[in-house]
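Notes to accompany the following structure.
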Amino acid sequence: QELHPQSDIDLMILFKSPPDSTERVFLETYIRFLWDIGLQVGHSVRTLRDCLTQSQQDVTYKPSLFRYLFLFL
């Protein structure tokens, strides 16, 4: 509910398949809104396949992926 001073928000948006043009426009608008209200947002848009591939190639990716997934359990 509160951020530490100078901290940012890391946001991963996960899709089953690559987003279509309507979803991309929505995401761009949403991220822009977060910036406009003064939040420092680091974001990525990934598919399930992207996450699996990245986690197999880079072991340091797995802990952050688990952190994101934990938010939805």
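Data table
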{"quantity": "Residue pairs meeting the criteria (Cβ under 6 Å; at least 6 apart or on separate chains; first farther than 19 Å from Arg24 by Cα, in the range 41-59; second open to solvent by 80 Å² or more (accessible area, probe 1.4 Å))", "calculated": "Ser55/Lys62"}
{"quantity": "Residue, modelled with the lowest pLDDT, within the range 25-62, restricted to residues that are of a type in the set (Ser, Thr, Tyr) and in a helix (DSSP H, G or I)", "calculated": "Tyr61"}
{"quantity": "Where a residue in the range 16-39 is over 19 Å from Asp50 (Cβ atoms) and in contact (Cβ under 8 Å) with a residue 12 or more places away in the chain and its partner, wherever it lies, is surrounded by 13 or more Cβ atoms within 10 Å (Cβ to Cβ) and of a type in the set (A, V, I, L, M), with Cβ under 6 Å and at least six apart", "calculated": "Leu34/Val41"}
{"quantity": "Matching residues, the range 1-24, being at pLDDT 85 or above, surrounded by fewer than 11 Cβ atoms within 10 Å (Cβ to Cβ) and of a type outside the set (Gly, Ala, Ser)", "calculated": "Lys16, Asp20, Thr22"}
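The values are calculated or read from the model by the stated rules, or taken from the named source; none is laboratory data. Predicted, not measured: the structure shown is a model, and the values here were computed from it. Note that each Cβ is placed from the backbone with ideal geometry, even for glycine, and that neighbours are counted across all protein chains shown. What goes into the accessible areas is simple: the full protein's heavy atoms, side chains included, and nothing from ligands, DNA or RNA. Shrake-Rupley method; radii C 1.70, N 1.55, O 1.52, S 1.80 Å.
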